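Heads up: the structure comes next, in structure tokens.
Coordinate-derived values only; no laboratory data. From a predicted model like this one, the values you see are computed outputs, not experimental measurements. Neighbour counts are summed over all protein chains in view; Cβ atoms, including those assigned to glycine, are modelled from backbone coordinates with ideal geometry.
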Amino acid sequence: MGLLYERVIRPALFRLDSEHAHELGVSAMALLGALPPLCRLLETRHRLPAVTARPVQAFGLTFPNAVGLAAGFDKNARAWPAAAALGFGHVEIGTVTALGQSGNDRPRMFRYPPQEAVINRMGFNNEGSEAVAARLARHPGPGRRRIPLGVNLGKSKVTEIEEATADYLASFARLADYADYLVLNVSSPNTPGLRQLQDESRLRELLGAVSAANRDRAARVGGRPVPLLLKIAPDLTFPQIDAVLAVIAEFGLDGIIATNTTLARPGPFADVNQTGGLSGAPLRRRSTEIINYISRATSGRLPIIGVGGITDAASAGEKFDAGATLVQVYTGMIYRGPFFAHEVARAVADRQRA
């Protein structure tokens, strides 16, 4: 299937506008998800054999393999039911904001095939947390799914930074019941002011309020708090990361996602005149450096989901060597095809077993 994708399907998709191709991919995956018997058949085919499988325990959840689908692909919770059929061990939807929004003007997504990279300035285009909650309510809830489902939350563009906490809390209230874990995304470069939430004082306010709401919800429903993670930017300095880690420890978050896309323009991108976040192979080294730094700074106690520049088993292996607990892919799938996660998960499991 990988050869068919590279020789036939990818060239056809790459003749289309990047976002149009993305929308076709989401629609195709949504169609597959609407066909449960076919999903189960494909899932059986792509499930790692018992002798190879290495399920991962993290955040109080069980992940059948270590490779997930990163946020950004399935913004509106349309396609996720098919993720297990493609070989993913978890899936993260979103980013979802309290208010529905169309995002930035098109075109806003650009491929760079020689570098296996993408620049995007999507701007959190999504239908809003109320619509996404209604869609999730039609499916099995936490603990009854094929694989864990994460929900990635962001700030609405029209919300002033001073009101950001209330914005996140509105989405939390609507979506917490449907999430196996929740992510607070404070690191997209495409919503004005969003990255200010990584500043220590603003981050303390946000994490404190959401953590309190999480405890209150757990007490009300008689369960445990939803695992809560923070997604950070690759453009933070190490002292800034230290400050973020201190706030994470203060409020007892369950994990961290490192990293989002970058505003840096390394190597051949120095002369590229497109604003937005760069993802794909050029992010590989920096995201791995940050994963390694976090792992060492926390003595390996804070679970890390590693994201950025995973294009094959070797680049995924680097993330685990650096201290990642799980990894996520998205741009790599654009270049390698829909079953890329299965290929990486199998190779990683074989590598860990060797």
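Couple of notes before you dig in:
- Gained length - A166 relative to Q196, 0.36 nm times residue gap less alpha-carbon distance: 9.2 nm
- Relative contact order (%) - the range 2-353, alpha-carbon pairs under 8 angstrom, separation at least six: 18 percent
- Phi-derived couplings, Karplus 6.51 cos²θ - 1.76 cosθ + 1.60 at θ = phi - 60°, listed residue by residue for the range 248-255: 4, 5, 4, 9, x, 4, 8, x Hz, with x used for Gly and Pro.
- In the range 103-158, trypsin sites (Lys or Arg not before Pro) in a DSSP loop with at most 11 other beta-carbon atoms within 10 Å: R138, R144
- Cα-based shape type of the range 249-354, given that a ≥ b ≥ c are square roots of the gyration tensor eigenvalues and the cut on a/c is 1.5: oblate
- Choice from L149, L228, L16 with maximal GNM fluctuation in the chain (Cα, 10 Å cutoff): L16
- Placing pseudo-labels 7 Å out from each Cα toward the beta carbon at V158 and T62 gives an inter-label distance of 4.5 nm.
- The chain: Lys pairs at Cα distance under 17 angstrom, eight or more positions apart or on different chains: 5
- Computed [θ] at 222 nm, helices only, for the chain once each DSSP H run of length n ≥ 4 contributes -39500 (n - 2.57): -11500 deg cm²/dmol
- Distance between the 7 Å Cα→Cβ label points at L4 and A347: 2.1 nm.
- Environment charge of V183, counting only residues whose C-beta is closer than 9 Å and scoring Lys/Arg +1, Asp/Glu -1: 0
- Unit charges on C-beta of K, R, D, E only; dipole of the chain, Debye: 1000 debye
- With K and R counted +1 and D and E -1, the other residues having a Cβ less than 13 Å from that of C39 yield a net charge of +4.
- If you run the Gaussian network model on the chain, springs between alpha carbon atoms under 10 Å, then out of P239, P303, P114 the most flexible one is P114.
- Rounded to 0.05, the FRET efficiency of the T298 and D177 pair, given R0 = 35 Å and the Cβ-Cβ distance, is 0.75.
- For L194, the shell of other residues with beta-carbons less than 15 Å away shows a net charge of -1, using +1 for Lys and Arg and -1 for Asp and Glu.
- Positive-pole candidate from I291, V56, A179, dipole of the chain, charges at beta carbon: V56
- Annotation for the range 331-351 versus the range 170-245: alpha-carbon center distance of 28 Å.
- Sites E205 and A12 - FRET efficiency at Förster radius 45 Å, r taken between beta-carbons, to 0.05: 0.40
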